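Okay, so here's the structure we're looking at.
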Amino acid sequence: MATPVKVYGPPMSTAVSRVLACLYEKNVEFELISINMSKGEHKKPEFLKLQPFGQVPAFEDESISIFESRAICRYICDKYADKGNKGLYGTNPLAKASIDQWIEAEGQSFNPPSSTLVFQLAFAPRMNIKQDKVLIRQNEEKLSKVLDIYEKRLGEARFLAGDEFSLADLSHLPNTQYLVSGTDKGNLFTSRENVGRWWDEISSRDSWKKVVDLQKGA
Amino acid sequence: MAAIKAHGSLISTATNRVLVILYEKELEFEFVSVDMSTGEHKKDHFLSLNPFGQVPALEDGDLKLFESRAITKYVAYEYAGKGTQLIHQDSKKMAITLVWMEVEAQQYDPVASKLVWELGIKPMLGMVTDKAIVEENEAKLAKVLDVYENRLAHSKYLGGDCFTLADLHHLPTLQYLLGTQSQKLFDSRPHVSAWVADITARPAWLKVQALRKKH
């Protein structure tokens, strides 16, 4: 039986793993289609039809084709509202607004410095690309300032948007996983009491453990 | 007394993003100016509205929100019955709009904002434009606009047939860039150029410009 939901991209990609985490949280079956980025498959015409910027992930569900991991996650939560974790994107407009606020904070303030560090520290060595020490230092400083704000916020609330785990916390899983488990910058998170507590809690969710297993298996 | 208060600065692109949606939705609101030149945005009373110490922030009754793109989404959904319809109720149509809202935030804005800073805001503050940064980011913006040109050849607006949040989010940075050397990147692409002319002529956007001129 054909599964209607298809995700295109390697599970080791942070943006792909963001979508996979959401699908597991919502108990939505999917087919993961590998894209060989080292061979430039993501820049070829057939893939560009799915994602015109030549980036992963791309996503198909029945008749629609969409891209951008955070848009895909929001769509999954809207379409499959009654499946799996029903409160993942809030069950009322005010809750949703608070979650959106922290998804934006992730995309605008957390992602730029953390993804630069992930690339420099976890990917560049594997790709035989020389690390940029200045860039690493600058982004570590930026990320530290962001995490100071998170430390205060997570002292006021159990999760970013409130008392429940949400899409806002989920959005942070991919980059943080690499930094904590794959680089020497994990202490940025673990040395901050509330951030450390929050990381332990969100990373031990079954849905995230499944994603990490997929990443290891790939 | 307005239940909605928009806190921010009129030169801030993110603040303008919130102002334009309040006009599109025909909502009464109070604009509360935040004096960034005296560091008001880093003081405790503002940090209680936005812990990142950035503008804008919105209050609607007891609700407090920050991040302009979360604010616009909240306003679009909460006031769906008023003013311009900026979202879709159908999840498949909304999915496409969400895609292009993310494209604006992830692909377009990081590049456009650097150009706005170098070519739009630095001159206002008497600072020197960094030509290398301008060149680098104009090259990046050209690549993004090539994708837009192709998209807009097949779709009247970025998110589909109608003007939505996906288009609206571009207005503030677009307006700045139209007054600079980077305007050529938009003018040289016919579908992009037509789309820019269309969305910047919207009455709600003209009201934001009028508000800026008054202050």
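The values are calculated or read from the model by the stated rules, or taken from the named source; none is laboratory data. Predicted model only: the values in this text are computed from it and were never measured. Here Cβ is always computed from backbone atoms with ideal geometry, including for glycine, and neighbour counts include all displayed protein chains. Surface areas here come from the heavy atoms of the whole protein model, side chains and all, with no ligands, DNA or RNA. Shrake-Rupley method; radii C 1.70, N 1.55, O 1.52, S 1.80 Å.
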Check: For residues in region A:52-67 being touching a residue at least 24 places away in the same chain (Cβ under 8 Å) and in a loop (DSSP other than H, G, I, E, B), which is nearest to A:Lys210 (Cα to Cα)?
Finding: A:Pro57
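Name the residue, out of B:Gly81, B:Gly126, B:Gly53, that is in contact with a Lys or Arg (Cβ under 7 Å, 6 or more places away or on another chain) and either closer than 18 Å to A:Gln108 by Cβ or not in a helix (DSSP H, G or I) (or both).
Numbers: B:Gly81 fails: in contact with a Lys or Arg (Cβ under 7 Å, 6 or more places away or on another chain); B:Gly126 fails: in contact with a Lys or Arg (Cβ under 7 Å, 6 or more places away or on another chain).
Only one candidate qualifies: B:Gly53.
When only residues in region A:189-211 that are touching a helix residue (DSSP H, G or I) at 6+ places or on another chain (Cβ under 6 Å), touching a residue at least 12 places away in the same chain (Cβ under 8 Å) and over 21 Å from A:Ala71 (Cβ atoms) count, which is most open to solvent (accessible area, probe 1.4 Å)?
Looking at residues that are touching a helix residue (DSSP H, G or I) at 6+ places or on another chain (Cβ under 6 Å), touching a residue at least 12 places away in the same chain (Cβ under 8 Å) and over 21 Å from A:Ala71 (Cβ atoms), I get A:Lys210.
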Notebook entry, point to check: Identify, please: which residue in region A:34-76 is small (Gly, Ala, Ser) and either within 11 Å of chain B (Cβ to nearest Cβ) or buried (at least 22 other Cβ atoms within 10 Å of the Cβ) (or both) and is, among those, farthest from B:Glu104 (Cα to Cα)?
Noted result: A:Ser63
Notebook entry, point to check: Do you know which residues across region B:5-50 are β-branched (Val, Ile, Thr) and part of a strand (DSSP E or B)?
Noted result: B:Val32
Check: Across region B:40-74, what is the total count of residues that are modelled with pLDDT under 95 and open to solvent by less than 20 Å² (accessible area, probe 1.4 Å)?
Finding: 0
Checklist line | Positions within region B:8-26 being open to solvent by 20 Å² or more (accessible area, probe 1.4 Å) and more than 20 Å from B:Met124 (Cβ to Cβ), in sequence order | finding: B:Tyr23, B:Glu26
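Assess whether B:Lys114 counts as being within 22 Å of A:Pro112 (Cα to Cα), free of Cβ contacts under 8 Å to residues at least 40 places away in the same chain, more than 19 Å from the chain's Cα centre (by Cα) and open to solvent by 50 Å² or more (accessible area, probe 1.4 Å). Steps first, answer last, please.
Values: within 22 Å of A:Pro112 (Cα to Cα): yes; free of Cβ contacts under 8 Å to residues at least 40 places away in the same chain: yes; more than 19 Å from the chain's Cα centre (by Cα): no; open to solvent by 50 Å² or more (accessible area, probe 1.4 Å): yes.
For B:Lys114, the condition - within 22 Å of A:Pro112 (Cα to Cα), free of Cβ contacts under 8 Å to residues at least 40 places away in the same chain, more than 19 Å from the chain's Cα centre (by Cα) and open to solvent by 50 Å² or more (accessible area, probe 1.4 Å) - is not met.
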Notebook entry, point to check: Given the conditions (1) in contact (Cβ under 8 Å) with a residue 12 or more places away in the chain; (2) open to solvent by less than 20 Å² (accessible area, probe 1.4 Å); (3) assigned to a strand (DSSP E or B), and given that A:Tyr89 satisfies all but one, which numbered condition is not satisfied?
Noted result: (3)
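Could you tell me which of the residues A:Ile99, A:Ile103, A:Ile149 is among the β-branched types (Val, Ile, Thr), part of a helix (DSSP H, G or I), modelled with pLDDT of 95 or more and more than 15 Å from the chain's Cα centre (by Cα)?
Values: A:Ile99 fails: more than 15 Å from the chain's Cα centre (by Cα); A:Ile103 fails: more than 15 Å from the chain's Cα centre (by Cα).
Among A:Ile99, A:Ile103, A:Ile149, only A:Ile149 is among the β-branched types (Val, Ile, Thr), part of a helix (DSSP H, G or I), modelled with pLDDT of 95 or more and more than 15 Å from the chain's Cα centre (by Cα).
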Checklist line | Selection from region B:65-100 of residues that are closer than 20 Å to B:Ala14 by Cβ, in contact with a strand residue (DSSP E or B) (Cβ under 7 Å, 6 or more places away or on another chain) and either among the basic types (Lys, Arg) or more than 7 Å from chain A (Cβ to nearest Cβ) (or both) | finding: B:Ile71, B:Thr97
Notebook entry, point to check: Taking A:Gly84, is it at pLDDT 95 or above, on the phi > 0 side of the Ramachandran plot and of a type outside the set (A, V, I, L, M, F, W, C)?
Noted result: yes
Next item on the list: Would you be able to say whether some residue in region A:119-140 is open to solvent by 20 Å² or more (accessible area, probe 1.4 Å), modelled with pLDDT of 95 or more and facing chain B (nearest Cβ under 8 Å)?
Entry: no
Notebook entry, point to check: Taking the condition in contact with a Lys or Arg (Cβ under 9 Å, 6 or more places away or on another chain) and of a type in the set (Gly, Ala, Ser), does A:Ser69 pass?
Noted result: yes
